[in-house]
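Notes follow the structure.
What follows draws every value from the coordinates through simple rules; no lab data is involved. These numbers were taken from a predicted model, which means no experiment stands behind them. Counting neighbours? That spans all protein chains shown, and the Cβs are built from the backbone with ideal geometry, glycine included.
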Amino acid sequence: MSVLFSPLEIGPITVPNRIAIAPMCQYSANDGCATDWHLQLVMNYGMSGAATVILEATGVTREGRISHGCLGLYSDACEYALGRVLHAARAVALPGTKFGIQLAHAGRKASTHVNWMGSGPLGAGESPWRTVAPSAIPYGPDWHTPAAMEDDEIEATVAAFAQAAKRAVRLGFDIIEIHAAHGYLMHEFHSPVSNKRTDKWGGDAERRLRFPLAVAEAARAEIPKHIATGARLTGTDYLDDGLTADDAVRFASELKKRGYDFVCVSSGNIVLGGRPASGVGFNVPNAAKVRKEAGIVTRTAGLIAEPRQAEEIVATRGVDQIAIARAQIDDPRWGWRAAEKLGVKLQLPPQMRRVTTGQWPGLKLVRPQ
Ligand SMILES: Cc1cc2nc3c(=O)[nH]c(=O)nc-3n(C[C@H](O)[C@H](O)[C@H](O)COP(=O)(O)O)c2cc1C
């Protein structure tokens, strides 16, 4: 029996398998609004066989986007455009598929080129914008120096997360995830590498968690109980003076106390050119520690490409759910192949069921090897 294809309860929802599509920025939005690119992508995600689909990092403010092409949820126009995508994806999704959104603020990593242009900071003639962070320290050499946020700016940003959560609820997402990893604003407040404040928003571990937890509480207050609520967080900064798995356990425990249903444990990216991650499932040990010590449903991602690796991770290595990013792009029906390899029958929409079960006499499809 496959564990990968067994159901998982994530707070108030149940998903029929443990495969998630990790959030992936597409740099294809128009002033934060989803386009036809997102329409095809998310419809395909819905048909992929992954029971959990998390949409890309979505800016809670215009300035909180990474690039001019990033998705946002800060205006009625953004909300409308995303509604069209979600509605269409639901119409074709495999039974039981749940859709989530990742709410984010890019902090000092905002105002950059789209990734196929190198992801570096926007130059003077490229409509750059003012970036913000806990402290006025750039992400790397030649990056924008962010403004250290004033109290009122911090409070307005907390409110923006709440407002975006409200929009996500109105859109009908099943899952809402806040992005507290990968060197973006919430992570910047949490990590001692980027937060050098001496006021109530910085200092010891408790104070560095104040902003992430303020965001978490404000978002949670807007999300009704039937929606699974979680956060993506950092298992390690890979730096001697950075966050460790113990910090992740503490953060996850605080989130759980505040009614959070799950976390996704990732790592790295608090500074430019940090230690490159390597190895299949490189975040798995930290994720397993968080799950064990914080007692919360835990997902992880990182170089998981083979169905049997995924099966082994959820069956024996102490995490509840795996997410795939690049493997999904490589094979948009990764979930179908995984089911086939693990000897599982996927629940398909009736339009597909008939042709894939060979109900056309005399016309047996043989796939070239
Ligand atoms: C094109 C691309 C865009 C990404 N965008 C996001 C994002 O919006 N939010 C996020 O948390 N992680 C993002 N990531 C990281 C992935 O979610 C994932 O954690 C990482 O790629 C490792 O998984 P993989 O080895 O299966 O690709 C992105 C990765 C890729 C390849």
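Structure notes:
- Residue ID - surrounded by the fewest Cβ atoms within 10 Å (Cβ to Cβ), chosen from residues in the stretch 305-331 that are more than 18 Å from the chain's Cα centre (by Cα) and away from the ligand (no atom under 14 Å from the Cβ): Thr316
- Residue in the stretch 89-107 that is of a type in the set (D, E, K, R), buried (at least 24 other Cβ atoms within 10 Å of the Cβ) and part of a helix (DSSP H, G or I) present: no
- Residue pairs whose Cβ atoms lie under 6 Å apart, sitting 6 or more positions apart in sequence or on different chains, and linking a residue in the stretch 297-324 that is farther than 11 Å from Val284 by Cβ to a partner that is among the charged types (D, E, K, R) and within 13 Å of the ligand (Cβ to nearest atom), are Gln321/Arg299; Ala323/Arg299.
- Here the condition is being in contact (Cβ under 8 Å) with a residue 60 or more places away in the chain and either surrounded by fewer than 21 Cβ atoms within 10 Å (Cβ to Cβ) or in contact with a Phe, Trp or Tyr (Cβ under 9 Å, 6 or more places away or on another chain) (or both); of Leu209, Leu185, it holds for Leu185 alone.
- Only a single item in (1) under 14 Å from Gly96 (Cβ atoms); (2) touching a Ser or Thr at 6+ places or on another chain (Cβ under 7 Å); (3) of a type in the set (Gly, Ala, Ser) is not met by Gly49, and it is number (2).
- Hits in the stretch 60-74 (condition: surrounded by fewer than 24 Cβ atoms within 10 Å (Cβ to Cβ) and either touching a Cys at 6+ places or on another chain (Cβ under 7 Å) or part of a strand (DSSP E or B) (or both)): Ser67
- Wholly within the stretch 2-59, strands (runs of 3 or more DSSP E) carrying at least 1 residues that are away from the ligand (no atom under 12 Å from the Cβ) and more than 23 Å from Ser266 (Cβ to Cβ): 13-15
- All positions within the stretch 96-125 that are farther than 30 Å from Gly335 by Cβ, away from the ligand (no atom under 13 Å from the Cβ) and basic (Lys, Arg): Arg108
- Options Gly268, Gly274; residue that is crowded, with 17+ Cβ neighbours inside 10 Å, touching a Pro at 6+ places or on another chain (Cβ under 9 Å) and not in a helix (DSSP H, G or I): Gly268
- Members of the stretch 276-304 that are more than 11 Å from the ligand (Cβ to nearest atom) and of a type in the set (Ser, Thr, Tyr): Thr298
- Residue match in the stretch 174-183 (condition: more than 16 Å from the ligand (Cβ to nearest atom) and either touching a helix residue (DSSP H, G or I) at 6+ places or on another chain (Cβ under 7 Å) or not basic (Lys, Arg) (or both)): yes
- Condition met for Leu82 (in a helix (DSSP H, G or I) and closer than 26 Å to Ala218 by Cα): yes
Conditions (1) basic (Lys, Arg); (2) under 17 Å from Arg108 (Cβ atoms); (3) assigned to a helix (DSSP H, G or I), marked per residue:
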residue	(1), (2), (3)
Ala159	no, no, yes
Arg167	yes, no, yes
Ile176	no, no, no
His182	no, yes, no
Met186	no, yes, yes
Val193	no, yes, no
Lys200	yes, no, no
